[in-house]
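**Student:** The structure's right below; bear with me while I get my questions together.
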Amino acid sequence: MTIPRENLADIHRRIAAAAAQADRLPGDVQLVAVTKLVSVEKIIEAVESGQLVFGENYVQEAQGKIIQIKSHFPDRKISFHFIGRLQSNKAKKAAELFDVIETVDSLKLAKILDSHCRRLQKKLSVFVQVNIAREKRKAGIPAEDCENFLEQLGECQFLKVKGLMTMPPFSNDPEETRPFFRQLSQLAGKMIAKGLLGQHGRVELSMGMSGDFETAIAEGATMVRIGTAIFGGRNR
Ligand SMILES: *Cc1c(COP(=O)(O)O)cnc(C)c1O
């Protein structure tokens, strides 16, 4: 049995240690607890242990869970990040439900989100997903398109582009993943220098999961997305 409370405490210790190791403040790194296929009961336990930021991958699954969890804790400021692949036909629903969409990777998707947010009069925080290793079947824009894409996103008045997100190729060895984390950091630095990122507060770098978050923090992650190490394995 996995106990989110204890695992969360352990992850926070590890985040703080990795941040200290990199001469960064523990508060520099935010934990997004990934709850795809995790029950509402376990999420409630996580909230009761102080976790307030969650990540979900599927709009349909998230809808009921978000409503239940927010109504269970009417006084807490809980936020949900969308971290999955967002189909156009689910984009409006996602714009209503989520506080942050981490996986914006096409102008078409951005425009749907923007026009729906205009109707809702809601400013939506988004990240650009970068396919940093140019994997064939992975979502995200190639790094070299980032500048152009960020310029185009500037026209979306209801989207606040807060940073970049990536999911490098899977490896059991975080050292193999490190160069991709570094490349995303460097890309963000270039975009900041060109004035294309940083208009909405601190620039976020969402990278690192259960198996490699410490390496991601060493390379500049400001957000780590962790599921298994908190909630245990997922079975559909
Ligand atoms: C599932 C998922 C995670 C969490 O992965 P774990 O290995 O369970 O920590 C992080 N990011 C994305 C985009 C995911 O889909």
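The values are calculated or read from the model by the stated rules, or taken from the named source; none is laboratory data. Keep in mind that what you see is a predicted model, and the values were worked out from it rather than measured. Don't worry about glycine lacking a Cβ; one is built from the backbone with ideal geometry, like all the others, and counts go over all protein chains shown. To get the accessible areas, we keep the full protein, side chains included, count just its heavy atoms, and leave off ligands, DNA and RNA. Shrake-Rupley method; radii C 1.70, N 1.55, O 1.52, S 1.80 Å.
**Student:** What nm distance separates the two modelled labels at R234 and R182, each placed 7 Å from Cα along Cα→Cβ?
**Tutor:** Going by the 7 Å Cα→Cβ label model, 3.0 nm.
**Student:** Once each part is reduced to its C-alpha centroid, what is the distance from the range 8-31 to the range 194-234 in angstrom?
**Tutor:** Distance between centres, Cα-based: 11 Å.
**Student:** M165's amide H: which non-local residues (gap 5+, or another chain) put their own amide H closer than 5 Å, with H modeled 1.01 Å from N in plane and none for Pro or chain starts?
**Tutor:** Amide H neighbours of M165: V128, Q129, V130, S206.
**Student:** Take S39, project a point 7 Å from its Cα along the Cβ direction, then tell me which residues of the range 208-234 have their backbone nitrogen under 16 Å from it.
**Tutor:** 231-234
**Student:** Here's a follow-up. K190 to L120: FRET efficiency via 1/(1 + (r/R0)^6), r the Cβ-Cβ distance, R0 22 Å, to the nearest 0.05?
**Tutor:** Between K190 and L120 the formula returns 0.10.
**Student:** DSSP H helices in the chain with Cα extent of 30 Å or more along the helix axis and mean Kyte-Doolittle hydropathy at least 1.6?
**Tutor:** Long hydrophobic helices here: none detected.
**Student:** Another question, if that's okay. Test of understanding: what is the full-extension gain from A16 to N172, defined as 0.36 nm times their sequence separation minus their Cα-Cα distance?
**Tutor:** Taking A16 through N172 to full extension adds about 53.9 nm, to one decimal.
**Student:** What is the packing order of peptides 210-217, 33-40, 8-15, 170-177, taking the mean over residues of other C-beta atoms within 10 Å and listing the highest first?
**Tutor:** 210-217, 33-40, 8-15, 170-177
**Student:** Continuing with the same structure: Is the shape of the range 16-144 best called rounded, prolate or oblate, per the rule: a/c under 1.5 gives rounded, else a/b larger than b/c gives prolate, else oblate, with a ≥ b ≥ c the square roots of the Cα gyration tensor eigenvalues? It would help to have the intermediate numbers written out before the result.
**Tutor:** Numbers: a/c = 1.75, a/b = 1.10, b/c = 1.58.
Taking the square roots of the gyration eigenvalues as a ≥ b ≥ c, the range 16-144 is oblate.
**Student:** So if each residue of separation counts as 0.36 nm, and I subtract the Cα-Cα distance between E96 and A9, what length gain in nm does that give?
**Tutor:** Numbers: separation 87, 0.36 × 87 = 31.32 nm, distance 3.12 nm.
My answer for the length gained is 28.2 nm.
**Student:** Using the basic label-point model (7 angstrom from Cα toward the beta carbon), what is the L107 to Q157 distance in nanometres?
**Tutor:** It works out to 1.9 nm between the two label points.
**Student:** Rolling a 1.4 Å sphere over the protein heavy atoms, what is the accessible area per residue of the chain, to the nearest Å²?
**Tutor:** Numbers: 11460 Å² over 236 residues.
That works out to 49 Å² for each residue.
**Student:** Going by a ≥ b ≥ c, the root eigenvalues of the Cα gyration tensor, does the chain fall in the rounded group (a/c under 1.5), the prolate group (a/b larger than b/c) or the oblate group?
**Tutor:** oblate
**Student:** Note the per residue figure in Å³ for the convex hull of the C-alpha positions in the range 129-186.
**Tutor:** 88 Å³
**Student:** Compute the distance in nm between two label points, each set 7 Å from the Cα along the Cα-to-Cβ direction, one at R202 and one at Q30.
**Tutor:** If labels sit at R202 and Q30, their model points lie 0.9 nm apart.
**Student:** Want the number for E48 to D23: 0.36 nm per residue separation, take away the alpha-carbon distance, what's left?
**Tutor:** 6.0 nm
**Student:** Oh, and also: Just tell me which lysines come within less than 23 Å, Cα to Cα, of K122; anything on the same chain fewer than 8 places away is out.
**Tutor:** Within the straight-line limit of under 23 Å, K122 reaches these lysines: K65, K70, K77, K90, K92, K93, K108, K111, K160, K162.
**Student:** Can you compute the helix-only [θ] at 222 nm over the chain? Use -39500 (n - 2.57) per DSSP H run of at least 4 residues, normalise by all residues, nearest 500 deg cm²/dmol.
**Tutor:** -13500 deg cm²/dmol
**Student:** Ratio of the range 110-236's C-alpha Rg to 2.2 N^0.38 Å, to two decimals?
**Tutor:** Normalised Cα radius of gyration, the range 110-236: 1.11.
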